[in-house]
Structure formats: C-alpha cells, structure tokens
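Working notes, beginning with the structure itself.
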Protein chains: 4
Amino acid sequence: MSKTMKGVTLFADWDPKPDFKLGPKDIEGKQTYLGSKVWRNPRIEIVEHPVPEPGPDEVLIEVKACGICGSDVHMAQPDEEGYILYPGLTGFPCILGHEFSGVVVKAGERAFDKRTNKPFKGGEIVCAEEMMWCGQCKPCADGYPNHCERLNEVGFNVNGAFAKYIVMPAKLVWNLESLKNRYSGDDIFLAGSLVEPTSVAYNAVIERGGGIRPGDNVVVCGGGPVGIAACAILKRSGAARVILSEPQPERAELGKKMGADYVINPLKEDFVQRVLELTDGMGANLYLEATGLPTVVYPQIEKVIWEGRTINSTVVVVARADAKMPVTGEVLQVRRARIIGAQGHSGHGTFYRVIECMADGMDMTPMITKKITLDEVPQNIINLRTDRKECKITCVM
Amino acid sequence: MSKTMKGVTLFADWDPKPDFKLGPKDIEGKQTYLGSKVWRNPRIEIVEHPVPEPGPDEVLIEVKACGICGSDVHMAQPDEEGYILYPGLTGFPCILGHEFSGVVVKAGERAFDKRTNKPFKGGEIVCAEEMMWCGQCKPCADGYPNHCERLNEVGFNVNGAFAKYIVMPAKLVWNLESLKNRYSGDDIFLAGSLVEPTSVAYNAVIERGGGIRPGDNVVVCGGGPVGIAACAILKRSGAARVILSEPQPERAELGKKMGADYVINPLKEDFVQRVLELTDGMGANLYLEATGLPTVVYPQIEKVIWEGRTINSTVVVVARADAKMPVTGEVLQVRRARIIGAQGHSGHGTFYRVIECMADGMDMTPMITKKITLDEVPQNIINLRTDRKECKITCVM
Amino acid sequence: MSKTMKGVTLFADWDPKPDFKLGPKDIEGKQTYLGSKVWRNPRIEIVEHPVPEPGPDEVLIEVKACGICGSDVHMAQPDEEGYILYPGLTGFPCILGHEFSGVVVKAGERAFDKRTNKPFKGGEIVCAEEMMWCGQCKPCADGYPNHCERLNEVGFNVNGAFAKYIVMPAKLVWNLESLKNRYSGDDIFLAGSLVEPTSVAYNAVIERGGGIRPGDNVVVCGGGPVGIAACAILKRSGAARVILSEPQPERAELGKKMGADYVINPLKEDFVQRVLELTDGMGANLYLEATGLPTVVYPQIEKVIWEGRTINSTVVVVARADAKMPVTGEVLQVRRARIIGAQGHSGHGTFYRVIECMADGMDMTPMITKKITLDEVPQNIINLRTDRKECKITCVM
Amino acid sequence: MSKTMKGVTLFADWDPKPDFKLGPKDIEGKQTYLGSKVWRNPRIEIVEHPVPEPGPDEVLIEVKACGICGSDVHMAQPDEEGYILYPGLTGFPCILGHEFSGVVVKAGERAFDKRTNKPFKGGEIVCAEEMMWCGQCKPCADGYPNHCERLNEVGFNVNGAFAKYIVMPAKLVWNLESLKNRYSGDDIFLAGSLVEPTSVAYNAVIERGGGIRPGDNVVVCGGGPVGIAACAILKRSGAARVILSEPQPERAELGKKMGADYVINPLKEDFVQRVLELTDGMGANLYLEATGLPTVVYPQIEKVIWEGRTINSTVVVVARADAKMPVTGEVLQVRRARIIGAQGHSGHGTFYRVIECMADGMDMTPMITKKITLDEVPQNIINLRTDRKECKITCVM
C-alpha cells in the first residue's frame, strides 16, 4: 500500500470580513463556522496527502464512489468579492467529498460494525455519515445528533472522500452487505454513495415530517437530489399521489422515473389549481419545501392548504434560504397545519432504513446522471455552478 | 321499485343461559350484548322484507356486492347445546351482511357525502362502515368511534346487506368514485366490498400500531382476510420484508400475491429461527397477531423479539381470543417493546385512505376467491364453518 | 315556568359590501361566514324570546353564569363604515353568550350525559361547548370536530346564553358534578363558565402543542384570558418556568397569580435577553403566541429559539391575526423547531380534562375580575372595546 | 490529595453453574452478563483502592452522597446455594454504589459540561448516570442509550461511588448548579443522589409511558423508590388523581407525602373497586407496575381497565420479574389499551429535566429515610435484605 494518495483539495485564503469575530469553535487561520465571512479565493487542486492511519475506534476505507454535492460547489465558488458562497463550517485546506462508499481496508481494535455488533474485519462494503457528531454534548446525549453542538463535517473541516482512502470513526460507518442481492460490480458502490443524500430526504419527510399514512397525498417542491429522493421515499411509503413541482424538464423527467406520479411546471401552470385538481380538491398531507425559494413557494403551498379540504397538513422545510417565509397563522389554525424544519441525516435509524429500502428495491442510481474520474472532479465541481441538468455527478474510482 | 325485497335473515330463539342477566343495552327477547349466552338454534332463511325508507340523514343503497365475514358464520353456527358461537352484540331476526358496496338510490335532505361535503344526489357508488357509532357518547366525542358506548352494528342488530337494498346513515357511507379509474364493470363493487375488512387491518397496523418506517420489517401471524390485507398495507407502507406465518397453502399463496415477501409454515418450520434468518438477526419492527391463538403465537413472537436485535417493536393484537397471552415483562423492558390492542375500522380517516390506496393500485380483489348469488349465501355461510381454503366469498347482485 | 325570557340580542342590518358573494352555507338576509363583509349598524338589545323546547337529543339548561368573550365585543362593534369587526360566522338577530354554565331543567329522551353514559335526569350542573360540530362531515368523522365543515356556533348564529334558558344538544354538554367538592354556592357556576375559554388554551398547548415534559420551560406571549389560562395549565403540567410576556400591569399580576413564575414587560424589557437569562441560556420548549401581533412577537420568539440552546421547540399560534409571520426557515431547521396552529376547544377529551383539573384544584375563578347582571351585559360589552384591565366580566343570574 | 482511598468493595467467587456458557461480552474469571449463574459467596469489604485518574474525556468527582439501591442488596445477597441473587451484568471485585452526587475535582481536557457546553473547570456540583452507554452501537447511534449493546454499569462491573472519589466519562455527568437556589449545605448532595432513581421513574412514566395530560388519573402499584418517585412526577404532570397501591404503612405514608392523593392497601381493600370508586368509575389513564409481582398485580390492573370507562390506558412495566403476566388481549382491544416495557434512565433529556423539576421545587429528599457513613454501608446493605420500612438509605461523606 502506497504511503501517499491524491486528494481533491480545496484551498482558500483566511481573510475575514471586518464584522467577523472568532467564535468559540473557530480556530484562527484554520477553521470557522461562518465560511462565507472568512474564506477568499477558493482553489481546487489535486495534491498528494499521506494515507491516514485509523485509530482504535476508526476504520480506513478505500473509496470506490463519491458524489458531488451542492455544498462542494458552493465551497469552491467565489462571490463578486472573492469570498466563498458556502456560509457554514469550513476548515481549509481540506479534501472535499462526503457522499461516498467504499471497502474497509483496516480497522482499529474497538471499531465495531453496527450491523453485526462485532468488530470490522476488513473487506466490508460500507458508506458513512457526513456529520461527525460528538456523541457527548447535550443534543447528542438526548438523541439528536443532527444538532450536535461540537460537530465536525467530513469534506468540510475534516478530510473527505475525493481521495483513494479515508479514515472514519466506526460509529459513522454503515455496512452495505444487504445491497449485494440487488447490485453487482460497481453498482453497489454507486448505490452506496447515494445513501447519504437519500438519508437527508428520509430524515426530512419521515423523521421530521412524521411520514405519511398509506393513501395520503404529497407535494414535493423542487427536483434537486433531495426532492427527487423524497419522491422515491414517499411513493414507497404508500402515497396515493406524489406531485413534484419542478420547471427543469430533465429533473421533472427524473422525478417521474423515481416516484412522482405527476409533475407540475410552476412556471407554466397554476400550481395551486393543479394540485387541487390532481387531489380532487383535497390538497396534500405533506409538503416538502426543497427549492430554497420560500418567498415564492410558501405562499403557494399555503394557498393550497387554505383552499384544499385536507386538515393536519405538514410543511417540511429542508432547503436553506435567507429569505423569510410569509406565514399566515390563520391558515395553520383553520387547517390544523404545521411547519417543521429539517436538517441532517444522522440518528433515528435513518441510514440503516435507507439501506434496507435500497436492498428491497428502492433503486436510487438513476439519480447519477454522469460518472467521472477523480481527475475530472475539480472541473465538474466548477461546471455545476451553472449546470442544472445533471442531478448527481459521481466520481468512480 | 318493488315495495319488498328478499333478505338473508338470521332467526334464533331467545333462550338465555341461567347465569345471563339483561344488560343496560339489552332488550328482552330482541337484543343482547352477549350473543352466545342467549341465542339458540340459529336458522338462516331468505325471507321478504319491506324495502326500507331513508330518513333525513340517511341514504338508500342498492346493494351490488357483499362479502361473507367470519362473524356471519359464527352467528349462524350452534355449539353442542345449540347456542350460537358469536359472543357479541346481536338482535334477531336480522338480515346479515356488512361488507358491502352499492349505488345510492335515494337520499335524505341532510344526507351529506363526506367526499364532497355536498348532499348525495343518487347514483354514487359507495361502501359503508359496519359500526354504527353514535357520535355522541364520550369516546365518540373524544374521537374514538371504534369504542362507541352506544354502538349498533349493521348485519348484527340492524338489518344488513344480503338484500337488494339497505338504508344507512350518511355519516357511515364512503364514496368510491375514485376507484372508477382502476375498475370497470362489477369489479368496482367487488373492490368496494373489501374496503371494510381492509380497514380493519389498516386500523390495526397503521392507526393502532403506528405504522412503520420505510425499510422496517414486519411479521404477520395468520393469513385470514385481516392478515392478508395487512400484508398488502404494510408492503405498501414500505416494509423491507413482509413475513407471513400461515400453514394453509392456499392462504400462504394468496399472502404472497398480496404483499408478503416470505411465508413461513409454522407447523413445519421453526418460526423463531426463520424470522431471524430472514431479517439478518434483527427480527421485526411490527408483529400482527391475527390468528386468535395467542398462547401458541405470542411466546414465539416474544422469543424473536428477545433474540433479535431490533428495539422498539410493536405487537398488535387484532384477533379475538379467550386465552391469556403469557407476557414476559422483561422482554418488553429490554427490547423497549409494546403490546397494543386493535378493534374496529371507523374514524381516523381510515376508510378514506383505504379507498385512496385502492385507487392508486392496491388491488384487494384477489382476496375474493369465490363469487356467489344471494340465494347461495345461506349454504356458503354454513360451508365456511369448516372450509379454510376460501379467503373471501362474495355475493354479487 | 314562564313561556318567555329576556335575551341579550344582537341586531344588525344585512348590507353586503360590493365584493361579497353568498357562500355555500350563507343564507340571504340571515347568515354568513364573512360577518364583517355583511353586517352593519350592530345594536345590542334585551328583548323577549320564547323559552326554547329541547328536542329528543337535547337538554334545556337554566343559565347561571355567562362570561363575555372578545368575540361578543367584536360582533357588536362597528368600524368606521359601520360594519362589524367580527369577520366570521354570524346569523342575526341572535342572543349572544357562549361561555356559560347552568342547571339542566329538562332533557329529551335520547339526551345522554357523557360523564355517566346515562340519560340526563334534570338537576345536573353543566357547561357546554360553543362549537356545534355536526359529527357527520369528514373532519368530524375523522375525529377533528374543531374543524367541522358544517359548524354552527352558540351565540353567533344560534341563540346563546345571555338569557334565562338555553337549549343545547346533549353531545355538547359536560357535567360539572366533580366540582362540587371544590366550590360552593355560585362559585361552581363561575368556575363552570370558565371551562370553555380554559379549554381553548388547553387545546392549544396540550392537544395541538403536544404538551410539555415536567421540567420544561414555556413562554406565553399575551396575558388575555387564553394566555392566562395557558399559564395555569402549563404550570400544572410541570413546567419548571412559566414566563408570561404582557405589558398591562393588571394582567401581569393576574398571570402571576394563575401560574406564571415570571412576567416580562416587553415594552420596557428586552424580551430575548430576559427569556435567555431566566432560562439559563436555554430558551423555552413551548411558546404560545396569544397576542394577535405576530409581526412584533414572532421575530422575538424566533430570536430566542436561535440564541437559546433548546432544540425541539414548538411555537403554537392561537391568536388570530391578519398580518403574516416572518418565519426564518433556517431557525426551524437548526433548532429542530416547529410552528403549529390551534383553534377551538372541542374533542380530544379536552372539556372533561379541564373539568378534572378544576376538580383537583386548578382554580380559574380569579380570572373573573367583575360580576354583572343580565341587564348590565350590553353596556359592559361596549365598555370592553377599550378597557384592557378586566380579564373576564361574567354575568351571574 | 491522598493516593489511596477506602471503597466499599464486593468480592465473590467465580464458580459458574454447569449450564453456564461464557457469553460474547463475558470475561473468564472477571465479568459476566448472568451474575446469578456465576458468582458465589459474596462478601462486602471496605478496602483501599488507588485514587483513579481521569482520562481526557473524564472527570474525577469527590463523592458527597451515595444511596443504596436494591441491586446493591441483591448483588451481595446469596441464595441457598451461595449464588448471588442479582441476575445481570457484574464484574467483581467492584466498588459498589451508583446513586451519587459530588464535586468535580479534576477534569480531562475534553471533558465538557453538557449544561454549558464548556469544559468542566472543577468545583461543579454534579451527579451522573449509572449506565455507561457506549455511544457507538446501533441502539446508541439511533438515540436509545438505555438499550446500549456494549453497556458497562457503574458499581456493577466498573468501580462505583461508595468511595471518596470516582472517575466518570463527562458525557454521563450532569451539573446540579440549578439546585443551589433550593438547597443549602449537604441537602444539595442528598437531592443530587436521588436524580438517578428519580430518572428511572421519569423514563418509565414520561419517556416510555408517554406521560399524561393534565386532568388524567394514574395508578402506581408498588411504593418502592421508583413507585414513590413516579407519584411525585405524575402529580407534577397534572394528574387529577394519583393513586398508590402499597401495603407497607411507612411507604404508604411517604407516598402521600410525595404526591399520591390516595393510597390503597391491596391486602386489605379491593383494589379494583377502590380504583373505580376513586375515579368515578373511569379507571386510570396510566398504570405503573412497580412491584415485581405481575401475576398478582396485572390481573387486577386489567380488571380495572375492563370495568372502567377510560380508553387509551397505558400500562408501564418497570419492575423486573421472572413470572409471566397473564394478558387478556381482548381487554387491550376493547379498551384501546397498551402495555409498555421500561428500563434505564439515560437519554431523552431525562436527567436534565429531573434536575430542573427539583430546581423548581420537586423535593425528593423525604425519600431518604436514613443517613449513614461509609463505614456503615456494608451492614446497611445486609439489613436491607429484610427491612422494608426504609425507603432510601444514603451514605453522606
């Protein structure tokens, strides 16, 4: 085994804006919770790194597939002043990449496989959570690792998976053996690399949104990877009608393939009228806001809730946005509705259940619309600044 | 329209056992909550009845299909002393039949269609709840009509649907228009007649059992109509593995057709080991006891829970039985498990959602293994005392 | 028994604004769902009415106490053009009054007492729900009577309780016998007249808000009757800290008496900082918006949620308002929070539990800050247009 | 600081019964999950131990108070063959004691205080969980630390708190600063030592049982420490009536002091009739089985559920027992009831909320009926084999 490896690495300059103050978890020159206030002139380079060594609770994984996420794009994308777009936790230089799968190469002595409750032996096909929850703070101890107060993130402030190897704490690693009946060759790694983004959608609609009852209607606003994955999960949950609202034709098409019964083009059709027509005047039981455009989308969702006859609707907000949602309290009152925020993918049995769904035939691999090599990753991250046709671009190693 | 109609009518003699005392809702010579303590020498006869007239809140329905339920069999089946087997609410003579669908012929002025919130006009294809909840007692007012304190039951103490016509309160009637896209000809009535028994299963596993998350495993013990319907509902809810335990080959086969991924023959295989094998050592998240043999079945369920690694399992008891379940509290403690009782099909949006599932493709009609005419109903009710091969025998008119 | 009785009756002129269209439940000249668009020149007069006669499902109640509600004030209050302020369901002329208690005088043969499941005999001390849910529409059948699609309202479009007698459907009536151990003389009627407004608060924080766990913190914004009642209920639920935000000194004082541990004057203190100080930097688990000023209050609630460390907060909106709440989705995401709408007081066991709380010592009678006679009701309804010092003015008969 | 300290230490002989097999977590001669099958001739001795040194994630605590638990008694109590009574995880020799509080003396660099999310500085008054959940297995990662698959237990297989010092992982430690307003002198330590047993009760009735709504009735069977603590918690949750069933007069008296409204002596009174009388024929919403005698207690609970009118009752089983509960499924069905198992005290925000309840006035210290010194611990552990009058005997240092 070679002692070094190539890694797709993001470099940027520590150049805080005047109003920036070092926060409690920030480290001068190295790490901040407010990326877009600090990092300037991002550059993606493929450079050599030492192959990492697993500690006693850790495993070394040979990466086999890793998808590009929107956050990878925003970390590497400068605004007009040269500051990166991504606003959150970042520590550079850092190998990017967190939607990955691979094979366990080496395991520490206390590195247990949660699937078997036995130590990893090596050879296991696995994927991993991106959120390195500490397991010790109050939210973690209470059972809410997505809200860890001392979080690290793979591919953001800890070296990620656009590299030959990655070291991960065993507690974040999930065994993919049950996919072997469904997939052969590289496909198991492609499927495995989609467990993380699918889990974001699962956490949003099932854990946070409370899921649905078979026979319910759902509306998904936005056909990005999370919205598309939500269509698949909700159809699988027994939704009578999954309605996707998405103007981009390629995404609309993919949504239909993945579980949407109907697609609305909100730029060409009257969203409110279409949802009411398709649901026999009832509206939906669950709405997922996955566009990041709440000022546009929320008023329309609200209007369907008001005009439809369904009570007890849930609106789940999974996309980040700066703008405020204009919420009419009376609609929530009269229709017995609620709005819920969702983030993350960890905890609550989510990864395990997503893998079991895949093992039972929930095939997410059509979401991968392009496969690339490690060397092609930097250019594709840059291309995705403007390209809205691809759903998921995945590096296969 | 003729003024009389034929009805499959159950007659029996009011001959209370010595220990019987007239209860608060019992009516001397006519009605009791303790059928098997009172009624003797049951006879099923087809006799003429006046066509009923709907009141202001009611609709007159022309019956098109009506299935035979196990309770029909037990009401008409004498024990060694001649008393009927059915232990519950009964008032004879009574037209039998409660799993029905038909067409609205005439509607009272305040008979509203819940689907549209407008008055019934006539011509609507409908089915109905069997439980005539009062809507006024404490459980009804609190939202639990399955536990109504002043219940009447269609086909038990109120004339049922093995007849040309039936009158029903509009509040119990559910519109089947949405099935028109799926079914043509008589099939919509066959499907409609299955909404009631499917709703019993839906209430058990979804409303009472809390449903599952996509990717969970379930075990259904007993392949009668409720168990079979539960397989369909749970697969539709996203179960990774639906395991049916049923020794009768015809029922096992039907279970597989309707949603079971695996069938265990508990008389020939080791139930505990098989469930653990099929679930990779995990066991199931939801168990449905639908056999009526809890002394046999519960210890095995408990053993899977104990030996499997799944925590938070739910055991739903839907079948009636006199015998006690021997429950080891420690298993519930160590595995964070629970046992829940389920009865009924009303309330909680259940009928509506079952119809929506059917409209979206959950086809229950394979459960109907035999179609008969009204004249054949009495003999078929008698045959079902011993025949365990048929799933649902349905009268088509 | 006299055949007529005096009733505090609201008259107004049917004079629809140009944009008004008769809705499906509206009745030309008599009833509308959009009061403020139709009724002009309201006058409250005390006039003679025939004593009503109970139907078979109904009881005749001799009214003993009846409180004035804010909606009584708004129905009788003209805007600059003379239209009434109250925007909802109204049918005039109508006897006002819906927060009442009294004694059953006469009962129909099918008028059952939900407390005993036996017919009313006469002599029972009772109160009643104001919402005349139909029990037959889809929301009612599903268990959500607060969202009845064919609602009538006592004292709005059906004669109310500012009169010697009132007829009520038995299903809306609740027995107050259990209060006899706590109250003597008229006090039981005063307490009984507060069950309805207390149930509005209970429905908001317990049924809709999901309640709290003992040791949680809560913030109630607005010290009107619903806010004050919520303080009492939440303290009783085991809140470690109940914080009331209310600028009016009389209401603040009453809040403290009824359960608030702390009161913030948001006009003089920094709400966000005070809540964080009082909760050791955690913020609250439950927030109740009971001011009707969401543009002022919601941003402050949101800021506490953001800056505090509590996750899983719930914001319950119970006050009606036209203005939009500006909601930052990211706060709901990062803090795992949710917003819920609440209306009504019916169903879910709420009335019964409120009465049981009162029987166990939850004394709401300090909320009654003034007692009046029937003749004084009209003037007091008018005075309350401007008087914010009184909490509840109650007519004792 | 001295380098050694006295510790109340349990010694026993490793002498496995013939049918014992070493399990996956067992260690020959040192540790087993099946204590009563292995350990013989228990002796409690006070011996010298080195003062432990905290690791980077740990704190060293000077113990100030530590209560004796029933499990301490059973670990040290031989049966007729000399085997210990305690059936669970044990590793001897081991310092006993796990219900403790104390002061932080020294903290590792990564030992964070969950209350502040800052490192421990020393001087903090604290208590701790007894269950050393790993935070890495599937149940822990899913948010269920009470069901950790690689559990260690303080005072069972890891040195406990009947000693001058103890080392604990910071993630198990809870700050008691908020109790300072309520308690002075040693009382804060006494209160703090009761957080652990109170949390067992809180986990049972609130987390597992789902809590109650204000106005509900509850029945607690068994007035041991967990039953008594449950009375306090449930009264604080707003129970209208807390009914304790307990024959021992001292415990009955203490129960009343701590929150029970009524006490039933089940040896002298008819439990079923008394509960129905006290609840106006309704029965209870929550039942806690805290006796360990399910064959006696469950049939009585079941009879109240059957004869009472309350639906949706929950029975929580918190006491361990070998005997089976004879459960009539029909009672669960007709009364919409459920049975739930509860164990542990970790996770779900339980410790934090119990401390907040105490800070708000839930005073548990009357449960401590006797205070002793460290030297008196061995004899008192032995005395408790037969003494049922004391509730909690606590060592104060």
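Quick notes
- Qualifying residue in region C:181-196 (condition: of a type in the set (Val, Ile, Thr) and out of contact with any strand residue (DSSP E or B) (no Cβ under 7 Å at 6 or more places or on another chain)): no
- Members of region C:126-152 that are more than 10 Å from chain B (Cβ to nearest Cβ) and crowded, with 20+ Cβ neighbours inside 10 Å: C:126, C:127, C:128, C:130, C:131, C:132, C:146, C:147, C:148, C:151
- Among the residues of region C:1-29, those identified as in a loop (DSSP other than H, G, I, E, B), over 30 Å from residue C:64 (Cα atoms) and among the charged types (D, E, K, R) are C:15, C:17, C:19, C:21, C:25, C:26, C:28.
- Qualifying residue in region B:12-22 (condition: of a type outside the set (Lys, Arg), under 29 Å from residue B:390 (Cβ atoms) and out of contact with any Leu (no Cβ under 9 Å at 6 or more places or on another chain)): yes
- One residue stands out among those in region C:369-397 that are open to solvent by 20 Å² or more (accessible area, probe 1.4 Å) and among the aliphatic types (A, V, I, L, M): the one that is nearest to the chain's Cα centre (by Cα), which is C:384.
- 2 or more residues within 22 Å of residue B:67 (Cβ to Cβ) and not β-branched (Val, Ile, Thr): qualifying helices (runs of 4 or more DSSP H) within region B:197-296: B:225-236, B:249-258
- Any hit, region C:27-46, residues being of a type in the set (A, V, I, L, M) and within 18 Å of residue C:103 (Cα to Cα): no
- Number of the exception - residue A:51 against (1) open to solvent by 10 Å² or more (accessible area, probe 1.4 Å); (2) within 22 Å of residue A:22 (Cα to Cα); (3) in contact (Cβ under 8 Å) with a residue 60 or more places away in the chain: (2)
- Region D:16-31 - residue that is in contact (Cβ under 8 Å) with a residue 40 or more places away in the chain and open to solvent by less than 70 Å² (accessible area, probe 1.4 Å) and, of those, farthest from residue D:42 (Cα to Cα): D:25
- Residue match in region D:116-125 (condition: of a type in the set (Ser, Thr, Tyr) and either buried (at least 20 other Cβ atoms within 10 Å of the Cβ) or in contact with a strand residue (DSSP E or B) (Cβ under 6 Å, 6 or more places away or on another chain) (or both)): no
- Where residue C:304 falls short, out of the listed (1) open to solvent by 30 Å² or more (accessible area, probe 1.4 Å); (2) more than 10 Å from chain A (Cβ to nearest Cβ): (1)
- Residue match in region B:268-281 (condition: on the phi > 0 side of the Ramachandran plot, free of Cβ contacts under 8 Å to residues at least 24 places away in the same chain and over 21 Å from the mean Cα position of the chain (by Cα)): yes
- Inter-residue pairs, beta-carbon under 8 Å, first assigned by TED's automatic domain parsing to the domain that holds residue D:325 and over 12 Å from residue D:282 (Cα atoms) and in region D:296-311, second outside any helix (DSSP H, G or I) and charged (D, E, K, R), 6+ apart: D:297/D:289; D:298/D:289; D:301/D:289
- Residue A:319 being under 19 Å from the mean Cα position of the chain (by Cα), farther than 26 Å from residue A:125 by Cβ and aliphatic (A, V, I, L, M): yes
- Test: residue in region B:192-201 that is touching a Lys or Arg at 6+ places or on another chain (Cβ under 9 Å), free of Cβ contacts under 8 Å to residues at least 40 places away in the same chain and within 12 Å of chain A (Cβ to nearest Cβ): no
- Qualifying positions in region A:182-196 - on the phi > 0 side of the Ramachandran plot and assigned to a helix (DSSP H, G or I): none
- Restricting B:254, B:276 to those that are away from chain D (no Cβ under 14 Å), within 29 Å of residue D:326 (Cβ to Cβ) and either among the charged types (D, E, K, R) or touching a helix residue (DSSP H, G or I) at 6+ places or on another chain (Cβ under 7 Å) (or both) reduces the list to B:276.
- Flag if residue A:108 is within 30 Å of residue A:178 (Cα to Cα) and either in contact with a Gly (Cβ under 6 Å, 6 or more places away or on another chain) or of a type in the set (Lys, Arg) (or both): yes
- Filtered by the rule that a residue be away from chain B (no Cβ under 14 Å), surrounded by fewer than 24 Cβ atoms within 10 Å (Cβ to Cβ) and not aromatic (Phe, Trp, Tyr), region A:173-191 gives A:184, A:185, A:186, A:187, A:188, A:190.
- Residue, farthest from residue C:174 (Cα to Cα), within region C:202-233, restricted to residues that are in contact with a Pro (Cβ under 9 Å, 6 or more places away or on another chain) and within 11 Å of another protein chain (Cβ to nearest Cβ): C:211
- Odd one out for residue D:171 among (1) touching a residue at least 24 places away in the same chain (Cβ under 8 Å); (2) touching a Lys or Arg at 6+ places or on another chain (Cβ under 7 Å): (2)
- The listed residue being open to solvent by less than 50 Å² (accessible area, probe 1.4 Å), at pLDDT 95 or above and aromatic (Phe, Trp, Tyr), out of A:287, A:262: A:287
- Of all residues in region D:326-340, those satisfying the criterion of being of a type outside the set (A, V, I, L, M) and either buried (at least 24 other Cβ atoms within 10 Å of the Cβ) or closer than 16 Å to residue B:144 by Cβ (or both) are D:329, D:333, D:335, D:336, D:338.
The values are calculated or read from the model by the stated rules, or taken from the named source; none is laboratory data. On a predicted model such as this, the values are computed, not experimentally measured, just so you know. Note that we place each Cβ from the backbone using ideal geometry, even for glycine, and neighbour counts take in every protein chain shown. Only protein heavy atoms, including side chains, enter the accessible area calculation; ligands, DNA and RNA are left aside. Shrake-Rupley method; radii C 1.70, N 1.55, O 1.52, S 1.80 Å.
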